[in-house]
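Before any comments, here is the structure.
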Amino acid sequence: MKRENILAPSILAADFTHLGEDIQTVAAAGAQYLHIDIMDGTFVPSISFGMPVISSIRKITDLFFDVHLMMEKPERYIQAFADCGADGITVHAEASTHLHRTIQSIHAAGARAGVALNPATPLSVLDYVLEDIDMVLIMTVNPGFGGQSYIPAMTGKIRTLRELASKKNPDLLIEVDGGVNTSTIRTVLEAGANVCVAGSAVFSGDRTEKVKGLLEVMKEYTEF
Ligand code: DX5
Ligand code: ZN
């Protein structure tokens, strides 16, 4: 099956004193999404940023805003994130008791719905929602911080999910998040991921060069 590969630079690793500039640079270099990590200090140890940042960067770019909610009870904030400019909203299966209802409310808010799984969470939690969602985010590190190393056991998880999706939801986007760089990206693409989040691999050094380097590799993978 033909595939579309998407690069999603994560602004968690951007230079916040020049955030607008960093975003425009990665967009001009060809990145299709902007990955926006929201951390609540409870579901994950750290706290990142919230709606005011999203509203303000919404004014300077048309990039797809891929909002990753690392928060407890994300259902409380779906409408608020949609209102400030999220195009896609991803919630953690571990954090939302009534996951099916949360997915419905993401769609009702007009956004694309994603479900994220921590490394230790089995794919079976998706059994009864896989057909209802647009994307699964496989965490390839434990969520909470940028700059960690890819967990090799996640390769088999991505592969199994792509097999499941080919039967149940062929258009499913599989996003990988954490430790994706020029040395691990082939592994995740080969396993069947097609949305690659990259934080430190994009925002450390020359952003244009880094984005182009990753996109170049992504172009080689044209079919599942
Ligand atoms: C981690 C976040 C990631 C993070 C990835 O909890 O969800 O999106 O920004 O950073 P890197 O690419 O540096 O591992
Ligand atoms: Zn993320």
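Taking max minus min of the alpha-carbon positions on each principal axis, the chain gives extents of 42, 37, 29 Å, largest first. Cα-based values for the stretch 122-191, radius of gyration first and Dmax second, are 12.2, 35 Å.
At a 10 angstrom cut-off on C-beta neighbours, averaged per residue, how do the peptides 2-13, 210-221, 194-205 rank from highest to lowest? Walk me through the numbers on the way to the answer.
Numbers: 2-13: 20.5, 210-221: 16.8, 194-205: 22.7.
Going by the mean number of other Cβ atoms within 10 Å, highest first, we get 194-205, 2-13, 210-221.
Maximal additional length on extending the A28-D62 stretch stands at 11.1 nm, based on 0.36 nm per residue less the C-alpha distance. The charge dipole of the stretch 1-64, taken about the Cα centre with unit charges on the Cβ atoms of Lys, Arg (+1) and Asp, Glu (-1), comes to about 240 debye, rounded to the nearest 20. For the chain, adding -39500 (n - 2.57) for each run of n ≥ 4 DSSP H residues and dividing by the number of residues yields -9000 deg cm²/dmol at 222 nm. Note on the chain: dipole from Cβ charges, positive end direction compared against S55, T208, Q24; the farthest Cα belongs to T208. Among 125-131, 16-22, the peptide with the highest mean count of other Cβ atoms within 10 Å heads the list, and the full ranking is 125-131, 16-22. Across all directions, the average projected area of the convex hull around the alpha carbons of the stretch 162-224 is 4.2 nm².
Among M1, M71, a tally of other beta-carbon atoms within 10 Å of each Cβ gives an order, fewest to most, of M1, M71. In this rough spin-label picture, where each label sits 7 Å from Cα along the Cβ direction, the L164-Q148 distance is 2.1 nm.
Quick note: the coordinates plus some simple rules give every number you see, no bench work behind them. Owing to the predicted nature of the structure, the values given are computational and were not obtained by experimental measurement. Because the Cβ atoms are built from the backbone with ideal geometry, glycine has one as well, and the counts that use them run over all protein chains shown.
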